[in-house]
Structures are given as C-alpha cells and as structure tokens.
1. Give the span of segment 151-216's Cα atoms along each principal axis, as three whole-Å numbers ordered largest to smallest.
2. Pop out the carbon and sulfur fraction of the accessible area of segment 138-216 as a percent, whole number, probe 1.4 Å.
3. Provide, for q = 0.17 Å⁻¹, the log10 of I(q)/I(0) from a solvent-free Debye sum over equal Cα point scatterers in segment 132-187.
4. Does segment 84-178 come out rounded, prolate or oblate by the C-alpha gyration tensor, with a ≥ b ≥ c the root eigenvalues, rounded set by a/c under 1.5 and, if not, prolate when a/b is larger than b/c and oblate if not?
5. Find the percent of Cα-Cα distances in segment 95-147 that exceed 12 Å, and round it to a whole number.
6. Which sequence of Met214, Met175 reflects their accessible areas, 1.4 Å probe, from the largest down?
7. Please go through the residue pairs Lys83/Lys204; Lys179/Lys202; Lys92/Lys204; Lys112/Lys202; Lys64/Lys204; Lys72/Lys179 and name each one whose alpha carbons sit more than 18 Å apart in this structure.
Amino acid sequence: MKKSFLLMAAVVFSLTMITACGSDGSSQKEAPTEVESTTTAEVIEETQESIPETEVEAKETKDKGHEEDEAKNSQMATIVSVKIIEQSSEYKSLYPDMVQWILVNNSENVIKNYTVSILAYDENGYPVKVEGQYNFNSDFEALVLGEAVNIQPGDSQGENYGYNLGERHGISYAMVLVKELEFYDADTWTNPYYKFWIDKYKEKPVALEELQSMYQ
C-alpha cells in the first residue's frame, strides 16, 4: 500500500513539472518583430546619386572627345557649302526645290562615287523628314549617292547638282556630311566622323546660329 502511494505521488509530481514547463514563457518562440531595412541595391543607388562623376567616367568622356576631334580632322572630302535652292516658285513639279552642296576632294586620289548624308530642319531649327521628290518613304536622314563624279584631287563639285525635294518639304536648313568615298585607284573610305555627327544631330533641334553659320 505504501509503495502504491509513493508511485502515485511520483506520477503527480511528473505531471506538475511538465505543466510548469509548458506554461513558462521563456521556452516559447516569440513572433519576429518587423524591422525597416534598406536593401543593398537602394544603398548603391543612393551612393551613385550622391557622388560626382568618377575619374574613370571623366577619362572616358575625354577619350571620346579626343577620338571625335581626330575623326573630324581626318576628312578625305569635306562639304563647304549647303543651300536650299528654289528653282521655280510656280512650277515646282517640273523645277523642284533642291538641297545643293559643294564637295571638296581633300585626298590624293580621284573620287569615282560618293555617298552623303542629309539632315533637314525647319525655320526654327527643329528636325524634319527629308522628303525627296520621288521618295515616298521619307526619313530624318537621306543617303544620296553621287555616281561617276570623277572629282580630281583638290577639286570641288556640286554647283550644278542637288537633291530634288518634294513640293511640301518644309525644309529651311540642311546639313550634309560625306559618309563614304569610292576611289578609282584606292579602296573605299568610310568617314570615321559620321557616327559622332549622326549621333549629335539626327532628330535633335539645332540652334539657328549654328545652322546659319555652319558652312560660312
């Protein structure tokens, strides 16, 4: 009888200990507390916005400017004059307005063929599409091929030529740059300055002062 009483007491004591452990707050996991945090990407973005142009970026800009100047100064042919010529005020279908340019051969070879790029602007210096007389798919750039021009070294050409425009072209100013030359006694030359020029001017407004003085 005494043994049974002791066994029951031990069982009751064990149950009491288990209950106590279950009710102890320190043994349960607490819900995580929400903490506002800044991601790594946000920190990098804020840092990039706050710092000035780095030395690497400055060097890249300087190198690009140097490359552009070198390309601009190595022209084998240059455009020295660009005009919008009105051939007739009444019969434009027969005598259309045209973009006229004068090209000078700076090389030591005879130019057989050439390709020029034309960009056009309205009276306020805003870009317009180059509408050719028979070109129904006009764009902000017109590539024009001059064939069998036979321009001798040091000579110029263009006084009696031009690119005919549509009747409602709306062009007041134009820019022209040589994109490519084909010589009789040398390989084809591609203008390294073209990529800088087209990136700077195509579909972008240009100050009237620059347009008016570009070929003077």
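1. Principal extents (Cα only, largest first): 40, 29, 24 Å.
2. On segment 138-216, the fraction of accessible area on carbon and sulfur atoms equals 43 percent.
3. -0.73
4. In terms of gyration-tensor shape, prolate.
5. Counting every Cα pair in segment 95-147, those more than 12 Å apart make up 73 percent.
6. Values: Met214 60, Met175 0 Å².
So, going from the largest accessible area down, we get Met214, Met175.
7. Where the Cα-Cα span goes over 18 Å, the pairs concerned are Lys83/Lys204; Lys92/Lys204; Lys112/Lys202; Lys64/Lys204.
The values are calculated or read from the model by the stated rules, or taken from the named source; none is laboratory data. No experiment lies behind these values; they were computed from the predicted model shown. The accessibility values were calculated without ligands, DNA or RNA, using every heavy atom of the protein model including side chains. Shrake-Rupley method; radii C 1.70, N 1.55, O 1.52, S 1.80 Å.
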